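Here is the structure we will look at, set down as structure tokens.
The values are calculated or read from the model by the stated rules, or taken from the named source; none is laboratory data. In this text the structure is predicted, and so the values were computed from the model without any measurement. Quick reminder, even Gly has a Cβ in these numbers, built from the backbone with ideal geometry, and neighbours come from all protein chains shown. Note: accessible area is taken over every heavy atom of the protein model, side chains too, but ligands, DNA and RNA are not part of it. Shrake-Rupley method; radii C 1.70, N 1.55, O 1.52, S 1.80 Å.
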Amino acid sequence: MDTLLHPSTSSMAKRPCPSSAENPMLPSFFSQMDNLLLSFLSLSDSSPPVSLDLSFDRLLESAPSDADQSSLIDRAHNLGSLLLRAANRSARKRASLHNSIAWALPPDLTIKVFSMLDSQSLCYAAATCSMFNKCAMDPLCYANIDLTTVVPKVNNAVVSTMIQRAGKSFRSLKLGIVPGPTSSPGSCQPLVYSIRNSVDVSSFSWNDKKTRQGKESSILTRSCLYPLSGDNGAAGTLLRRLHLYNIERMDNASLCVALAACPSLLDLEIVGLHVELRQTLMSVSSNCHLIERLFFESSKTGRDDSLKSPTCVDLVNNCPNISYLSLRGFKLHDYKVRILVKEGSGCINILSSGRVGVVCLGFRKLKYADFSTSYSISGTFLRNLGSGFGGNLLEVLILRDCMHLKEVEVARFLTAVLAGDFKFLRYLDISNREGLASESDWYQRSYNSSIIPLKQVLEVRPNICLLAEFPSEGCYIDIDHMFDSDVNSEISLPSQLSSHTSDGSLLMSSSESSYNSDQGSGNEEYQVSGFVIYEESSDEVDFLVV
């Protein structure tokens, strides 16, 4: 017993394979086994199977006891299983040998090709043969993990396994549910997903996906990102891109813990998560100082009003490399957006404690800005944006379906474009399925404006892709009623975009294009030149432009 519990070094040594020199009887034994197996396999397939059954029945009848009969049945089962496994193993060996001869690429190039596949295709390739499986186990193949699906079929264990396989090659992670093959991240179509509005999973039920005997749950939970912070954050330190889509059970705390483990993150995309904008941006500004791309789409359009001015200032100061900013579906005000996009000489930060500090306003490298379906934007943040104070590098601006976007602010902006501002602008979307708001009352909608110089802009700047799609007549829906109902099912963008031009002949003067006038902003929390922001919350900070 002691020997079994504490084996000696000699007993741990690998047992040598028997050779014919040590046992001269082995060749004859192998020969007999080969002949016996050959005879068994030589049985004609056309012979009646009943003969094999009768032969086995006769063997059972010749057994002296019931125990012997059971033993014969068990041995038949075992022998059949062994023969099946041997056949499968030999088939895999032959397939692997065939693939190694027929496959033109060497292993290193095969690994390079596999590293370009999405995760699902990589798993299919790994199941093909042992040669492909060996190549697919290389960490380089898991550098960019994409586990996005149309229906829930990935759990936390799959995520953890993939990250472990990636090792030090880990660079990108995409998780969650993308609502269909026609929707793609970064497009104008909404990516927010709910089970109720998906035709692909009409019979799906969360209860059907709960852990059952023999099956694991196919739902990602709040702990799906734990591998990023585990092991002292080794995996999170390597991560450069993180995309999360419609993970129902994700919360603020879990997301913030994951972001805290990703100091080298360059690209963050969040869609449909039940997390707060303010807390998420605070975590990004505190931990992800190298970030260049930030895409955030709210799960409840128009309801998240959590963003505060100090958070915007911290984000601008701590993450100066952001060139792509998309905050879709949030209740943003113009003065908060102005902090993000308008580059200024600086501002005085007056804290509640009386301390004063100088901070910058506006991302200096911003080229892409998307504030689609932002409920409170009226367009006053556009004033002076391109006349030397910021927005000079702006290439893409999307203000689609901003309910408070004013007709006069759009006209002023396009007049500034005609005057020579925004030289790098190549894409502008001001479409609104409810029309633009009038100057005096946003309940009065404009559907075919005569003061917006769309035609003139297209003539002077033919390189700009200008999307200005408005309904032909009023189809206004009461916003309060709309937000009381299911947001995901009612708020949607047009499936097709078209450029709609106007023959308006009224152009604003060049003096108006400088936006020096601040009358009728529609968002009266500040004034453009030398403004002070007074927030409704006691913990807010006052800002004075200098």
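For the range 86-140, a simple Cβ point-charge model (Lys and Arg +1, Asp and Glu -1, everything else neutral) yields a dipole of about 340 debye relative to the Cα centre. Farthest towards the positive end of the charge dipole of the range 86-140, among the residues 128, 106, 87, is the Cα of 87, using unit charges on the Cβ of Lys, Arg, Asp and Glu. For residue 124 and residue 423, the difference between the fully extended length at 0.36 nm per residue and the C-alpha to C-alpha distance is 102.8 nm.
Values of log10 I(q)/I(0) for the range 86-140 across q = 0.17, 0.18, 0.21, 0.23 Å⁻¹ run -0.51, -0.57, -0.75, -0.87, by the Debye formula with one identical scatterer at each alpha carbon and no solvent. Sorting 167-176, 327-336, 109-118 by their mean Cβ neighbour count within 10 Å, with the most densely packed peptide first, gives 327-336, 167-176, 109-118.
Pairs from the list 153/367; 134/168; 331/365 with a Cα-Cα gap above 26 Å: 153/367.
Think of a 1.4 Å ball rolled over the protein heavy atoms: the range 86-140 then has 66 Å² of accessible area per residue.
When peptides 77-89, 397-409, 119-131 are sorted by average Cβ neighbour count within 10 Å, with the highest value leading, the order is 397-409, 119-131, 77-89. Tell me, what % of the accessible area of the range 86-140 is carbon and sulfur with a 1.4 angstrom probe? Carbon plus sulfur share of accessible area: 63 percent.
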